[in-house]
Amino acid sequence: MTDTKTLPPQNIPAQTHPAKQILMMLWRDKLAFCAAIFILIVIFCALFGAPLLEDVATKQNLRGRNAAPFDFSKDWVFWLGGDALGRPLLARIVVASQNTLMVATGAVVVSLAIGTTLGLIAGYTTRMGSQIIMRLADVIMSFPSLLLAVIVLYMLVPSVGNLIIVLAITRIPVYLRTSRAEVLEIRERMFVQAARVMGASTNRIVFKHILPVVFPTLVTIATLDFAFVMLAESSLSFLGIGIQPPEITWGLMVAQGKAYLTTAWWLSFWPGLAIILTTLSLNLLSNWMRVALDPVQRWRLEIGKKSNG
Amino acid sequence: MTAFLQKRAFASLISLMGLVVLVFFLSRLTGDPTTLYLPVDASLESREQFRELHGLNDPILVQFGRYVGDLVQFDFGMSIRRSAPAIDVVLQAFVWTLQLALITMTLVTVAAIVIGSIAAFHIGGVFDRIATFFSLIGASAPDFWIAIISIVIFSVGLGWLPTSGTGTVWHWILPIAVLFIRPFGLILQVVRGSMVSTLSSAYVKTARAKGLRNKPIIFVHALRNAMLPVITVIGDQAAALLNGAVVVETIFGFPGVGKLMIDSILQRDFTVVLAAIMVTAVAIFVMNILIDILYAVLDPRIRY
Amino acid sequence: MNLKACLKGTALAMVVALPAMAQDNAVTVVLSEELDLVDPCMSSRSNIGRVVLQNIAETITEMVPGQGLQPRLATEWEDMGGGTWRFHLRDGVTFHDGSAFDAEDVAHSIARTTGDKIVCEIGAKYFGGMELTTNVVDANTIDITADPAQPILPLLMSTMTVVPAETAVDSFVSTPVGTGPYTFDEYNVGQNIKLSANPNYWGDQPAVQSANYVFRSDSAVRAAMVQTGEADIAPNIALQDATNDAMDYSYPNSETVYLRVDHNIAPLNDVRVRKALNLAVDREAFVGTILANGTLLATGMTPPSTIGYNTDLTHYAYDPEQAKALLAEAKADGVDVDQEITLIGRTGNFGNVLETMEALTAMFQDAGFNMKLEMYEVAEWENFYSKPFAEDRGPQMVQAQHDNANGDPVFSMYFKYACDGLQSGVCDEKIDSMIADATASVGAEREAKWKDLFAYIHEENVTDVFLFHMVGFSRVGERLDFEPTIKTNSELQLAQISFK
């Protein structure tokens, strides 16, 4: 995504402030810049928009249901149309951003942290420990995620916290297996062998030498998992066991609007678009970040330059 | 290698046992099926009679003991819902799922590796941008959206394809197309990311320094090394497909194992849930062993 | 070959390969779920009934909308007194397996349906709490005795499907055999069920010679299938998919939606609070918006097609101010009206149930109730709806949908309102005696007694919050001559379908 020609570090004056330096690099990649702005807006909505619009978003008007979008004569909250109970979609999307971000961030961060830790241990520990962890991953992985979610949510209340737990559990194996696989390969590389010969501790090797190499791949998966988690949350709502009204998430809005897909497309289109744009932005940002901030990757730009030119 | 296979088979068996115990007790915690099988007006006596008939009155450990006792003789129990052997019900559905998963994953793997590698080689180029952009959009759109809209367009609007069901080869196109999109987007991203890393790593540099200027050779060399994380993600996605594609099966009326599992847990048809989990788990374990072998083939430094 | 030509070729090939629209006299029916069982004794479940009932297995009598109780396998019947009814059976009827139909088959079917080796839905739903004994008088005559005596036994027999005497009593059949106009040919699990016309049927040969049932859970897909000609009938589609006036029919589906109020817990034990609940709901606002046009506002548990339906009653008009006043009055008397009341809904119970429940919750809140909505999937919901109720529960209202297409309130009232009724939230001596009286009466007296009961429940006791008599939608292909009725909710008689 990044325009490689703009990024060589030597172009950036060494004496500028690091924050300014990052902003400069961001500004040079217009797509990533837009993505960053969008993510900021979403975070802003989640933090401040939700409490402000709470009341507007729950005001029903049965006789004005499924109001069409782009009717600019109405209040601005109705510009994206109204839902099946005549509530303004724009306001609901803003309010829903809070729960959505909480569930998605929570699940991704928790599964990334636990999965990567277990994966590093599995890849760099005794055979026994590795075996136990891998069998655990096998069990979770062969447990269909939706089924696990259904069972757990039948027993617990489908609250935001429980949703995070359920979704996080189902995503752990991906990080676990990915990080272990990378570790298996990296630990045989020259620099790790060298570090070991020089007497570096296992902790140091794992966190200083291996983790930085593994991390870019994990971040790529994590950003994509944002989409996965939001959509899984939506599938749970599709099956009727996700988060329950009056709480709202984008996933629930998409699932509720599904019935109207052929008659009132906007009900599920806007929240779906919100999901897509958020994930897209995160991915653009992560791609940019990998190129711009990872010192290991910098020399790669030379190949990019040559193959492009 | 034989020793490795034996070890893995043993390990898988342990995982399978863990899974059975977990699912048995977890699913029982979701409640009693009696109310679901009788009309709401059914008397307390007929409820009692139903529980007696299906052995639901015994303590849960007794039920578990009986289940395991039958299981070692390969008796998976009867489905309450279908009133047929649970394993038959599951295998019938699993055949469909297996076909769907195999076809979809083959297409996804080929397409994602080819397009992802090209994108990585010309990173930042037009092709890269387009491929990334569309694969990301595809990967983040709700599948029931895509499914229903594709029916509206291709079946109702254009009349090219049947709406749903099975029967002819045309019936398979829409479900596979919808299933294709998400794993494709995900794997494409991983291929691209991994290729970028590999192309920037020391040994490719070395190869180039040694004078290897031939792009195809660098490409193949890098691809081989970039495949490790890719295979992991492919495995993950294939496992998800083997566990059934609930949404696609629901909308297209495809008789796969995903919908069967969800329906069975909704109906508290525990024997079918357990049999389904076991069948899909065995399939996934076999696949995981294949993946581990593939790791070793691709990277001789990995020892088992 | 350029792309366009290639696409054209593909499209052409597809048209050729599309499943043939079959012969002119075959129909395809798309149901909302796969059938778990096809046993005739389970055919009171709607999707099983749509395949089996009166197509494969016939009942002893038949309830026809608008015509009342009609003969089917029995030609006439008379009350012998003492709870015994004599049924004269049709002559010259054979089962699909070639065996002749006689009184022994009826006796066996009754024993099987109400027996304890398998739990048959028809037995549990209509014959719980009574003992049926049979006495075969001769090949074409049978005496059926119910204990306690059932004045409407012939009506009850309209639910009893008849299978051959050889049918196993301890297992469900996978290939149902009956006397009906169609034979069960094959069931490809996960794909379809095929029926074809029975050449030896005792009645007229039907116009539809074969039928193919397929299963799709998504309403939009079912509607699309009829639209494209892949199917001929979708008996049940959602309101928002019924967009084609030429193909879509609405029919009263005999379902009543109501909120069951738990009278055992304060503040719901106060009649003013219950009245306020009723006044807080703007029922009219739902019709033509979230729910279909043609949905009726309910004043009682059973639809207008049942006897004793009380046309004198009118629904509680929307009056939040009066509701607030009643609440204030109750509060002044020390009733704790600010306590949180839980409104329990059932996920997926009918189209738009979630929207309906959200709207109701908002209406109650606007009228000053401290109302909280909780949606549950059926198994958990049942724990709230049916006894035994949890000991430590707070004040609750349970949303439920009740189906009575059988023409008599007896199928509903005991379960929903008697002290011992499994889903009854009330225990009122007067209601109990009124139910007992009406159940034991016949004719006009029975009708009047049910009417009084409906009035008492709605006006005086204000037992529950009645909401709607629902409407269902079917999509029927244009080549068929078929109009859905109230019965389409539970059966689909192929023999009633003809071609234009």
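The values are calculated or read from the model by the stated rules, or taken from the named source; none is laboratory data. Please read all numbers here as calculations on a predicted model, not as lab measurements. Using ideal geometry, Cβ is built from the backbone for each residue, glycine included, and neighbour counts are taken over all protein chains shown. When the accessible area is computed, the model is the full protein with side chains, heavy atoms only, and any ligands, DNA or RNA have been set aside. Shrake-Rupley method; radii C 1.70, N 1.55, O 1.52, S 1.80 Å.
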Set B:Phe50, B:Phe76, B:Phe24: member being more than 25 Å from C:Glu382 (Cα to Cα) and open to solvent by less than 40 Å² (accessible area, probe 1.4 Å): B:Phe76
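Each row is one residue, and each column tells you yes or no for (1) modelled with pLDDT of 75 or more; (2) under 30 Å from C:Leu360 (Cα atoms).
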| site | (1), (2) |
| --- | --- |
| A:His17 | no, no |
| A:Met25 | no, no |
| A:Ile39 | yes, no |
| A:Phe48 | yes, yes |
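Before we move on, is C:Arg272 basic (Lys, Arg), within 30 Å of C:Lys387 (Cβ to Cβ) and surrounded by 21 or more Cβ atoms within 10 Å (Cβ to Cβ)? Working first, answer last.
Working: basic (Lys, Arg): yes; within 30 Å of C:Lys387 (Cβ to Cβ): yes; surrounded by 21 or more Cβ atoms within 10 Å (Cβ to Cβ): no.
No; evaluated as a whole, the condition is false for this residue.
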Can you spot a residue in region C:209-227 that is away from chain B (no Cβ under 13 Å), in contact (Cβ under 8 Å) with a residue 12 or more places away in the chain and of a type in the set (Phe, Trp, Tyr)? no
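Is there a residue being more than 11 Å from chain B (Cβ to nearest Cβ) and either open to solvent by less than 40 Å² (accessible area, probe 1.4 Å) or modelled with pLDDT of 75 or more (or both) anywhere in region A:176-192? Outline the logic, then answer.
Narrowing region A:176-192 to residues more than 11 Å from chain B (Cβ to nearest Cβ): A:192.
After this cut, where a residue has to be either open to solvent by less than 40 Å² (accessible area, probe 1.4 Å) or modelled with pLDDT of 75 or more (or both) as well, the list is A:192.
Looking for residues that are more than 11 Å from chain B (Cβ to nearest Cβ) and either open to solvent by less than 40 Å² (accessible area, probe 1.4 Å) or modelled with pLDDT of 75 or more (or both), one finds at least one in region A:176-192, hence yes.
Just for helices (runs of 4 or more DSSP H) wholly inside region B:1-83: which have at least 2 residues that are among the β-branched types (Val, Ile, Thr)?
Counting at least 2 such residues, we get B:2-28, B:34-37, B:60-71.
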Cross-chain or 6+ apart pairs with Cβ under 6 Å, region B:248-270 first and under 14 Å from A:Phe238 (Cα atoms), then part of a helix (DSSP H, G or I) and of a type in the set (Gly, Ala, Ser): B:Glu249/B:Gly258; B:Ile251/B:Ala147
Output the residues belonging to region C:291-317 that are in contact with a Gly (Cβ under 9 Å, 6 or more places away or on another chain) and among the hydrophobic types (A, V, I, L, M, F, W, C). C:Leu291, C:Ala292, C:Ile307, C:Leu313
Could you give every pair whose Cβ atoms fall below 8 Å, whose first residue belongs to region B:185-213 and is under 17 Å from B:Phe134 (Cβ atoms), and whose second residue is among the aromatic types (Phe, Trp, Tyr) and modelled with pLDDT of 75 or more, counting only separations of at least 6 or pairs across chains? B:Leu186/A:Phe228
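Can you confirm whether region A:57-70 contains a residue that is touching a Cys at 6+ places or on another chain (Cβ under 6 Å) and either polar (S, T, N, Q) or open to solvent by less than 40 Å² (accessible area, probe 1.4 Å) (or both)?
Step one: of region A:57-70, the residues touching a Cys at 6+ places or on another chain (Cβ under 6 Å) are none.
For region A:57-70, residues touching a Cys at 6+ places or on another chain (Cβ under 6 Å) and either polar (S, T, N, Q) or open to solvent by less than 40 Å² (accessible area, probe 1.4 Å) (or both): absent.
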When A:Ser237 is evaluated against the numbered criteria (1) open to solvent by 10 Å² or more (accessible area, probe 1.4 Å); (2) touching a residue at least 40 places away in the same chain (Cβ under 8 Å), which criterion, by number, is the only one it fails? (2)
Unmet criterion (only one of (1) open to solvent by 20 Å² or more (accessible area, probe 1.4 Å); (2) over 25 Å from B:Leu44 (Cα atoms)) for C:Val410: (2)
Keeping to region C:39-74, report how many residues are without any contact (Cβ under 8 Å) to a residue 60 or more places away in the chain and open to solvent by 50 Å² or more (accessible area, probe 1.4 Å). 4
Of all residues in region C:337-389 being among the small types (Gly, Ala, Ser), in a helix (DSSP H, G or I) and at pLDDT 85 or above, which is least open to solvent (accessible area, probe 1.4 Å)? C:Ala359
Just checking, how many residues over region C:461-500 are at pLDDT 90 or above, in a helix (DSSP H, G or I) and either within 20 Å of C:Ser305 (Cβ to Cβ) or outside the structural domain of C:Leu35 (by TED's automatic domain parsing) (or both)? 1
Name the residue that is farthest from C:Arg45 (Cα to Cα), counting only residues in region C:75-128 that are assigned to a helix (DSSP H, G or I) and open to solvent by 20 Å² or more (accessible area, probe 1.4 Å). C:Glu104
Restricting to region C:215-234, and then to whatever is touching a strand residue (DSSP E or B) at 6+ places or on another chain (Cβ under 6 Å) and surrounded by fewer than 24 Cβ atoms within 10 Å (Cβ to Cβ), can you tell me which residue is modelled with the lowest pLDDT? C:Ser219
